[in-house]
Amino acid sequence: MRLGRVDLPGDLLLAPLAEVTNLAFRLMCKKYGASLCFSEMISSEAVVHGNDSSVLRGMTCDEERPFAVQLFGNSPDVVTEAALVLEDLFHPAIIDINLGCPAPVITNAGCGSALLDSPERVSDILSTLCEGLDTPVTAKIRVLESPAATLDIAHRLEDAGVCGITVHGRTREQGYSGTADHSYAKLIKEELSIPVISNGDIRDGVSAEKVLEYTGCDGLMIGRAAMGDPHVFHRISRYLDDGEVLECGCEQKRDDLLEYLDLLEKFDLSSHINLKAHVQWFTRGLKGSRRMRSEIGYADSRDSIVEFVQNMCEKEFV
Ligand SMILES: Cc1cc2nc3c(=O)[nH]c(=O)nc-3n(C[C@H](O)[C@H](O)[C@H](O)COP(=O)(O)O)c2cc1C
């Protein structure tokens, strides 16, 4: 898939996930075949007005390129100014605009999915941004109640000059419940001439193949299935390439987790994330995982977490 100026090696993308898709995690996903990884959403106000540079901590590194950064905001000028700062400092391949976040802390400020209620504003923000920026722009939307209203937003985005759209097949009201409806992504793909990426409930090779075939989309974006499981990109790719169903056992998860912990240290990120939550995600689905997670809960330092992880496959968790 070509997105902006970049020819991506495949069609699987890592979704932006707040408090999850930090640089270390993105590098793990990339290693396992994610063609493009999106940063956690960043506040355009914080980039422009914030005096706390932590918002830009561990933004990217050379091995990650090409990388994509996601911004949220409500003002065309502030979003554009923030994007120019990021363009100048980090040269991302893509700047993505969040038009889907349903969290009240975001929507009460008129950002994220709240913007879908103001199509004119969406046009304003995206056209100002695309005109003011050298970096190609994409947008990530949720679906609206009616296909026609969703299609209107998609046309506005294309007219504004975005080079791709990601469609999460849930409404703002649904949050993360219910199942994603990919018929909207299919419709948008049929109507638009820019790349369309389908998102929602893609968790394995079978669901990936089904959504790709049904929607005809150019790519798939994977969110929750990757949390604690960057290897999912490898398994899905193998299934799509040759139908092989790979497993991910305890040793694989342990080795991934140790590598992830090393990367967090390397980029000085360990103390800026909820380390225990990240470690717990990596043990999901393993035999005795509930017991394992509760034991991790008792670990009181990074060293004891590392020690736990080193031994987790040798212990009996029943
Ligand atoms: C913990 C979490 C954080 C998220 N953060 C963001 C974000 O920063 N920006 C965004 O556009 N979507 C965000 N999302 C939505 C995901 O990118 C994705 O659209 C959604 O989870 C559906 O895909 P999935 O079924 O593959 O998880 C987040 C979702 C979760 C669960």
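The values are calculated or read from the model by the stated rules, or taken from the named source; none is laboratory data. The shown structure was predicted, so the numbers you read here are calculated from the model rather than taken from an experiment. Backbone-built Cβ (ideal geometry, glycine too); neighbour counts: all protein chains shown. When the accessible area is computed, the model is the full protein with side chains, heavy atoms only, and any ligands, DNA or RNA have been set aside. Shrake-Rupley method; radii C 1.70, N 1.55, O 1.52, S 1.80 Å.
Estimated from the Cβ-Cβ distance and a Förster radius of 25 angstrom, the FRET efficiency linking Glu63 and Asp204 is about 0.35.
Note that region 55-149 shows a convex hull volume over its alpha carbon atoms of 108 Å³ per residue.
The candidates Tyr176, Tyr260, Tyr32, arranged from most to least accessible area with a 1.4 Å probe in the full protein assembly, appear as Tyr176, Tyr32, Tyr260.
Once both labels are positioned 7 Å from their Cα atoms along Cα-to-Cβ, the gap between Asp255 and Tyr214 label points is 3.5 nm. A cysteine counts as unpartnered when no other cysteine's C-beta lies under 4.7 Å of its own; in the chain this applies to Cys29, Cys37, Cys61, Cys101, Cys111, Cys130, Cys163, Cys217, Cys248.
Proximity of backbone amide H atoms, modeled 1.01 Å from N, is registered between Cys37 and Leu14, Ala68 at under 5 Å, excluding neighbours fewer than 5 places apart on the same chain.
If you take the Cα centroid of region 230-255 and the Cα centroid of region 1-70, the two points sit 22 Å apart.
Structure shown: which of Lys30/Lys276; Lys266/Lys315; Lys140/Lys266; Lys210/Lys276; Lys186/Lys253 lie over 25 Å apart, alpha-carbon to alpha-carbon? Going by Cα-Cα distance, Lys266/Lys315; Lys140/Lys266; Lys210/Lys276; Lys186/Lys253 fall outside the 25 Å limit. Placing a label point 7 Å from the Cα of Asp88 along the Cα-to-Cβ line, the residues of region 123-139 whose backbone N sits under 18 Å from it are 129-136. Length available on full extension from Glu314 to Arg290: 0.36 nm per residue minus the Cα-Cα distance, which gives 7.0 nm. Comparing Gln280, Gln174, Gln70 in a Gaussian network model of the chain where C-alpha atoms under 10 Å apart are linked, the largest mean-square fluctuation is found at Gln174. Per the Debye formula on identical point scatterers at the alpha carbon atoms of region 250-311, with no solvent, log10 I(q)/I(0) at q = 0.20, 0.29 Å⁻¹ is -0.71, -1.48. Dipole orientation for the chain: of the candidates Ser44, Leu12, Ala160, Leu12 has the Cα lying most toward the positive pole (charges on Cβ; Lys, Arg +1; Asp, Glu -1). Rolling a 1.4 angstrom probe over the protein heavy atoms with all chains in place gives region 265-315 an accessible area of 59 Å² per residue.
Orientation-averaged projection of the chain equals 15.8 nm² [convex hull of Cα atoms, one quarter of hull surface area].
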